[in-house]
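All remarks here apply to the structure that follows.
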Amino acid sequence: MSNTTEHAPSLLEGSAPKRLAAFSAPLVAANLFQYVYQFVDMGVVGNVVGESGLVAVSNASAIVFIINAIAIGLMAGCTVAVGNRVGARDEAGQRRAFTASLGVALLGAAATTLAGTALAHPVFSLMGVPGASLDQTAAYLEVISLGAIGLFLLNAACAFLRAQGDSVGPLAIMAFSAVANVALDLVLIAGAGLGVVGAAVATVAAQGAGAVFALWLARRRYSSARSLLRSMRDVREREKALAAGQDVLRVGAPMAVQQAVINLSYVFVTAWLNSYGPTIAAASGVGLKISTIAGLPCWGIGQAVSAAVSQSIGARMPKRAVTFARSGCLMAVAVTVCIQIVIQLSAEWLVSFFGESSRELTEAAVLYLRITCSVNGIFYAAMYALDSFALASGAPKLALANSLIDAFAVRAGLAWLLSVPLGFGFIGVYAAQAAAPVLPALIGFVYLRLWTRRNLTT
């Protein structure tokens, strides 16, 4: 007996664009909630601690983004592995894939804890974090690393829910985590005076609570999330779960590397911008936080595309898979353009949210937004939707190749060319970030066309 439609409307029935829009909307909102507490962290720290705290959180965030990206990337394998089995109406297979995903999540969390606590000071020293902020930056990362288990389990449970076609559950979970994080920020940073460390503790506590809620919700709503340990007592079940784990890693490992590579390029860019002094470093950190808002819908729609396409392929409905990809691309572009217009019109006000700043810092942050949050967003939106299609359709290595092009060939390589040999300084670094998604988006379009011809030719 299948539970594919037990708690969520089927993605395989009705108008594909309408189903994708309805499915995507809560995921976009969930990503907004997830970002709220990162945004609030910087806002509260900037107002309470000042510029040194702002520099600490902006630099630490560059590494924390990598940790988040690895968790999200690994668990994208859960979405595809479970989604294929939902489309095929294989409930036992869903259970094995989810069990394997939780095992992968625990291993990923353990590795993150070890690496983050051991490398915090050396990494930020290499990045050139100003001395006044170095200890605070390292402490922030150490706390986040120690609490990584909450982040990984939270993403595993949410990936399972998305694979079922359930986007309301992840929204409720992220809303809960965001509210908890904001409340804890105010208590620990402003009230208890813990500063940057308080921001990290708030994030870890909120993610841990969110993970407990997410696992409970998955178990409550779907029978394939129950009796996981009991089913593993059978030798044949364990063997099948290991095979499912290979499916999870086949997609999740390249995606984790892809996400890590893209965010690693931001670390290089952040380190580069540190060389221009604390004002430019802080301004760029603020600009990155704000411009990331424009990308949030892309992430939510991309997650929806991955789930919908994986279900369609599992159900042997390639035409519907292509329709989901095309619809997702159009939706992502339309929503991103609207958000970017709002950001451009309110850039200075958004920068002021992070506390009173010098005129130089404000102008540099606004310039960052003028350059990196403009027409390039069209390509960024298309790139993310098309990479999500490649991921779900069996080409995770293409998404990985695109990330290498985005991160190193353009974001890092062009940044060096424009800033040093051509002498544009930090403005050249900004311009390189704006250009990064153009070529990967074009490659994604070519892949979609080729996949369509190969699979829809009769």
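The values are calculated or read from the model by the stated rules, or taken from the named source; none is laboratory data. Computed from a predicted structure; not experimentally measured. Cβ sites come from the backbone with ideal geometry, for glycine too, and all protein chains shown count toward neighbours. Protein only, heavy atoms only, side chains kept; ligands, DNA and RNA dropped before computing areas. Shrake-Rupley method; radii C 1.70, N 1.55, O 1.52, S 1.80 Å.
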Looking at (1) farther than 21 Å from VAL322 by Cβ; (2) modelled with pLDDT under 85, which is the one condition that is false for GLY394? (1)
Might you let me know whether the range 329-348 holds any residue that is open to solvent by less than 20 Å² (accessible area, probe 1.4 Å) and over 29 Å from LEU418 (Cα atoms)? yes
Reported set for the range 125-138 where residues are touching a Gly at 6+ places or on another chain (Cβ under 9 Å) and open to solvent by 10 Å² or more (accessible area, probe 1.4 Å) is PRO130, GLN136
Using the structure shown, decide if PHE353 is of a type in the set (Phe, Trp, Tyr) and at pLDDT below 85. yes
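For every residue, the table says whether it meets (1) modelled with pLDDT under 90; (2) in the same structural domain as PRO170 (by the TED database); (3) β-branched (Val, Ile, Thr); (4) assigned to a helix (DSSP H, G or I).
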position: GLU6; (1), (2), (3), (4): yes, no, no, no
position: GLU13; (1), (2), (3), (4): yes, no, no, no
position: ARG19; (1), (2), (3), (4): no, no, no, yes
position: VAL36; (1), (2), (3), (4): yes, yes, yes, yes
position: PHE39; (1), (2), (3), (4): yes, yes, no, yes
Do any helices (runs of 4 or more DSSP H) entirely within the range 379-458 hold 1 or more residues that are open to solvent by 50 Å² or more (accessible area, probe 1.4 Å) and free of Cβ contacts under 8 Å to residues at least 24 places away in the same chain, and if so, which? 413-419, 438-456
All positions within the range 246-261 that are open to solvent by 30 Å² or more (accessible area, probe 1.4 Å), of a type outside the set (Lys, Arg) and closer than 21 Å to ILE67 by Cα: LEU249, ALA253, VAL257
Within the range 266-298, which residues are among the small types (Gly, Ala, Ser), within 23 Å of GLU360 (Cβ to Cβ) and in contact (Cβ under 8 Å) with a residue 40 or more places away in the chain? ALA271, SER275, ALA281, ALA282, ALA283, SER284, GLY285, GLY287, SER291
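Just wondering, is there one or more residues in the range 128-145 that are of a type in the set (D, E, K, R) and without any contact (Cβ under 8 Å) to a residue 12 or more places away in the chain? If you could, list the steps in order and put the result at the bottom.
From the range 128-145, those of a type in the set (D, E, K, R) are 135, 142; that's our starting set.
In the following step, the residues that additionally are without any contact (Cβ under 8 Å) to a residue 12 or more places away in the chain were identified as 135.
For the range 128-145, residues of a type in the set (D, E, K, R) and without any contact (Cβ under 8 Å) to a residue 12 or more places away in the chain: present.
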